[in-house]
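**Student:** Got a structure for you, written out below as structure tokens; questions coming shortly.
The values are calculated or read from the model by the stated rules, or taken from the named source; none is laboratory data. From a predicted model like this one, the values you see are computed outputs, not experimental measurements. Cβ atoms come from the backbone with ideal geometry, glycine included; neighbour counts cover every protein chain shown.
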Amino acid sequence: MTASREKRASRNSLLGTFTLVVFLLLLARFALLQCRARQAKPPLTPAELPRTDAPAPPAQTGSASAVLRGSEASISGSVHVPLGAPRDADPSDEYFIDERAFVLSYSPEKRVPNWVAWRLDRQQLGHVRRKDDFRADLSLPARFYRVKESDYLHSGYDRGHMCPSADRQASAEDNSQTFLFTNIEPQLHELNAGPWEQLESYARLRAQDGALLYIVAGGVFSAPFPTIGNGVAVPAANFKLIVILDPGQGPSDVNEHTEVLAVLMPNQRGVGDHEWTEYMTTVDAIEQASGYDFLNAVPERIQGVIEARTSRAPERRAGRHAGAPTR
Ligand code: MN
Ligand code: MN
């Protein structure tokens, strides 16, 4: 063996060792990811859903003249959240948008809304045709990924509206806003077309009867959360809470007897076999599962009562509904 040949041989064996090490590292990384993916698999019961017990931060005092785009102050005066915009311990990972037809908190990390809030009354129930113009939300800053059609394609999940199209039928513009992907979460079809849709219809029935409704809907996510498309988080469950005020009442009339519906529906196989009323729970339970404080503009004493009360199933017949739940 010549010296140069020896040198080449040792270089080759060094290269071989290096390649092997890189391969082993990649294998380990893959195994870890597989392991994590498996851990994320089992369906969560509401009790197992992630919880945050951190106290809510104090109210922000943003002057109207210095409202930062995306900040909480940019939605705080909205007609959709007079009962208080949902608030968690860390608003720094939320981007707030006033879409006019509704307001929302977007998660740049999950690429879905944390929550969407809207006011519903009879005036919103017009006859505008469903626009179906699903599209990226260009009001998001360019530094955020903007979810689009292809992220849901062949994913096995529906494009599930938080604020439903049918809740915004008074104008074509309002209806179109509901098709922004910032109002959409991946939902199993059996959830979207099952109990989730049933409750949407029930809310519209109440609005038709003259009630004023304040609705918040969003997702509850496991950690780590599964994704579809380009990193779009799939919620483990979807929550919705609805404050129902009698005809003629306004947001300041919320009291201990005000009717509140709260549901937590698993985004899991089998959910379509159930009625929406089977998923009724308390606002407290949704606060625990989501980490958000809801209805935080309502006096503490009243929050304490209406958030702890389990929703009562409405009477079956449309037209005559259960009054204020007593208990
Ligand atoms: Mn839907
Ligand atoms: Mn609360």
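**Student:** Restricting the first residue to the stretch 278-298 and requiring it to be free of Cβ contacts under 8 Å to residues at least 24 places away in the same chain, which pairs with a second residue that is part of a strand (DSSP E or B) and more than 16 Å from ligand 1 (Cβ to nearest atom) meet a Cβ separation below 7 Å and a spacing of at least six or different chains?
**Tutor:** Glu287/Asp293
Yes or no, residue by residue, for (1) within 16 Å of ligand 1 (Cβ to nearest atom); (2) aromatic (Phe, Trp, Tyr); (3) at pLDDT 95 or above; (4) in contact with a strand residue (DSSP E or B) (Cβ under 6 Å, 6 or more places away or on another chain):
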| position | (1), (2), (3), (4) |
| --- | --- |
| His189 | yes, no, yes, yes |
| Tyr202 | yes, yes, yes, no |
| Val220 | no, no, yes, yes |
| Ala237 | yes, no, yes, yes |
| Gly250 | no, no, yes, no |
| Leu261 | no, no, yes, yes |
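**Student:** Just for strands (runs of 3 or more DSSP E) wholly inside the stretch 151-225: which have at least 1 residues that are within 27 Å of Gly84 (Cβ to Cβ) and more than 17 Å from the chain's Cα centre (by Cα)?
**Tutor:** Fully inside the stretch 151-225 and qualifying: 212-220.
**Student:** I've got another one for you. So the check is Cβ under 9 Å with 6+ separation or different chains; which pairs have a first residue in the stretch 147-160 that's more than 13 Å from Arg135 (Cα to Cα) and without any contact (Cβ under 8 Å) to a residue 60 or more places away in the chain and a second one that's away from ligand 2 (no atom under 16 Å from the Cβ) and of a type in the set (Gly, Ala, Ser)?
**Tutor:** Short answer, once both residue conditions are applied: Asp158/Ala193.
**Student:** Next question, about the same structure. Only one of these conditions is not met by Leu120: (1) surrounded by 20 or more Cβ atoms within 10 Å (Cβ to Cβ); (2) of a type outside the set (Ser, Thr, Tyr); (3) under 17 Å from the mean Cα position of the chain (by Cα). Which number is it?
**Tutor:** Failing condition for Leu120: (3).
**Student:** Just to check your reading of the model, which residue among Asp93, Asp167, Asp88, Asp158 is within 16 Å of ligand 2 (Cβ to nearest atom), among the charged types (D, E, K, R) and either under 23 Å from Met265 (Cα atoms) or modelled with pLDDT under 95 (or both)?
**Tutor:** After applying the criteria, what remains is Asp88.
**Student:** Still on this model: Which of the residues belonging to the stretch 174-186 are in contact with a Lys or Arg (Cβ under 8 Å, 6 or more places away or on another chain) and either crowded, with 20+ Cβ neighbours inside 10 Å or not hydrophobic (A, V, I, L, M, F, W, C) (or both)?
**Tutor:** If we filter the stretch 174-186 for residues that are in contact with a Lys or Arg (Cβ under 8 Å, 6 or more places away or on another chain), which is where we start, we get 174-181, 184, 186.
Result: Asp174, Asn175, Ser176, Gln177, Thr178, Leu180, Phe181, Ile184, Pro186.
**Student:** Evaluate the following for Asp174: is it closer than 22 Å to Arg100 by Cα and in contact (Cβ under 8 Å) with a residue 12 or more places away in the chain? First the steps, then the outcome.
**Tutor:** Details: closer than 22 Å to Arg100 by Cα: yes; in contact (Cβ under 8 Å) with a residue 12 or more places away in the chain: yes.
Here the answer is yes, as Asp174 does meet what is asked.
**Student:** Here's a check for you: in the stretch 304-327, which residue that is of a type in the set (Lys, Arg) and surrounded by 15 or more Cβ atoms within 10 Å (Cβ to Cβ) is modelled with the lowest pLDDT?
**Tutor:** Residues of the stretch 304-327 that are of a type in the set (Lys, Arg), as a first pass: 309, 312, 316-317, 320, 327.
If we keep only those that are surrounded by 15 or more Cβ atoms within 10 Å (Cβ to Cβ) too, we end up with 309, 312.
Working: Arg309: 95, Arg312: 83.
Restricting to residues being of a type in the set (Lys, Arg) and surrounded by 15 or more Cβ atoms within 10 Å (Cβ to Cβ), the top hit is Arg312.
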